[in-house]
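So the structure is just underneath, and the comments pick up after that.
Each reported figure results from applying straightforward, stated rules to the coordinates on display, with no laboratory input. This one's a predicted model, so the numbers in the text were calculated from it and none came from an experiment. FYI the Cβ positions are ideal-geometry reconstructions off the backbone, even for glycines, and counts take in every protein chain you see.
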């Protein structure tokens with residue numbers, strides 16, 4: 001399964017790199033576009049020293065950790081959100097009869113390696129924040145855990161969004177609100193949001209476990225909303241539960257899919 005995914009990814013990558021100047025330009029452009037999010041943070045801190053109780057470097061840490069997870073998913077699985085196009089065009093039927101998982105075929109369809117620029121930009125921000133922050137070395141083990149947890153959570157959201165498009169075939173933008181919208185939401189400290197919203201993204205849609213709860217542990221900060229300290233370590237469990245639900249929803253979508261007849 002993994003080998004098949006890598007082969008399909010490499011096929012699209014080789015095609016993109018056939019035009020090296022264009023490839024390099026698109027990578028650079030992706031980095032510049034992603035840098036506008038960082039520019040917004042820098043503009044904010046040009047006018048204040050604190051955002052919802054967090055200083056600039058702490059916010060950049062939270063941004064970089066969430067950005068790493070989100071941009072990797074955006075690069076490797078976001079094409080799942082094109083499933084409605086395949087349903088309407090009838091091309092999903094061809095994927096179903098091939099000896100390869102439809103999920104893998106959709107995730108790698110028109111794979112865009114030039115999105116690596118966004119991944120690099122997030123990695124640079126995270127690396128910078130880890131360098132300048134005075135963090136307890138004994139807590140740094142959480143950093144890779146929170147990135148992997150974020151990857152699983154965002155990949156599950158894209159899978160859920162794709163599954164929903166078996167019903168909402170004319171409204172892919174609705175599912176994009178949960179994927180790209182979630183990526184935007186996790187760029188800032190959750191203390192900047194209302195208590196009810198934070199409860200929703202903690203106990204219903206576990207976005208708080210992408211970078212907020214584990215990030216508080218790494219930074220040695222108490223939760224402004226008063227959640228128990230053990231919540232900092234529940235990210236992997238929340239990610240697994242969401243992944244299982246996403247897998248179930250995806251299988252149900254395929255099971256109840258009826259061909260367009262084209």
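Let me understand the chain better: what is its radius of gyration from the alpha carbons, and its Dmax, in angstrom?
Gyration radius and largest Cα-Cα distance of the chain: 19.3, 61 Å.
Given a 10 angstrom Cα cut-off, can you work out which residue in 209, 230, 166 is the most mobile in a GNM of the chain?
The residue that fluctuates most here is 230.
Sort 113-124, 174-185, 71-82, 88-99 for me by packing, meaning the mean count of neighbouring Cβ atoms within 10 Å per residue, highest on top. It would help to have the intermediate numbers written out before the result.
Details: 113-124: 19.7, 174-185: 17.0, 71-82: 21.6, 88-99: 12.4.
Peptide ranking by packing, descending: 71-82, 113-124, 174-185, 88-99.
Under a point spin-label approximation (7 Å from Cα along Cα-to-Cβ), what is the residue 12-residue 33 distance to one decimal in nm?
Going from the residue 12 label point to the residue 33 one covers 1.5 nm.
Let me have the relative contact order for segment 2-255, percent, based on Cα pairs under 8 Å that are six or more residues apart.
Working: 315 pairs, mean separation 66.4, N = 254.
Relative contact order for segment 2-255 comes out at 26 percent.
Report the residue, chosen from 212, 158, 250, that carries the largest GNM mean-square fluctuation when the chain is represented by alpha-carbon nodes joined by springs under 10 Å.
Between 212, 158, 250, it is 250 that shows the largest mean-square fluctuation.
Compute the angle between helix 116-132 and the longest alpha-carbon principal axis of the chain, please, reported from 0 to 90 degrees and rounded to the nearest 10.
Approximately 20 degrees, to the nearest ten.
Can you grab the distance from the C-alpha centre of segment 194-234 to the C-alpha centre of segment 10-54, Å, no decimals?
27
Top mean-square fluctuation among 229, 208, 129, Gaussian network model of the chain, C-alpha springs under 10 Å?
Among 229, 208, 129, the largest mean-square fluctuation in the Gaussian network model of the chain belongs to 229.
Per residue of the chain, what 222 nm ellipticity follows from adding -39500 (n - 2.57) for every DSSP H run with n ≥ 4, rounded to the nearest 500?
-21500 deg cm²/dmol
Using a simple spin-label model with points 7 Å from Cα along the Cα→Cβ vector, what separation in nm is obtained for residue 176 and residue 110?
1.2
For segment 111-262, what is the relative contact order in percent, using Cα pairs closer than 8 Å and at least 6 residues apart in sequence? Could the numbers behind the result be given before it?
Working: 118 pairs, mean separation 52.2, N = 152.
Taking the mean separation of contacting Cα pairs over the length of segment 111-262, I get 34 percent.
Once you keep just the Cα pairs under 8 angstrom separated by 6 or more residues, what percentage relative contact order results for segment 28-108?
Numbers: 31 pairs, mean separation 17.5, N = 81.
Normalised by residue count, the contact order of segment 28-108 is 22 percent.
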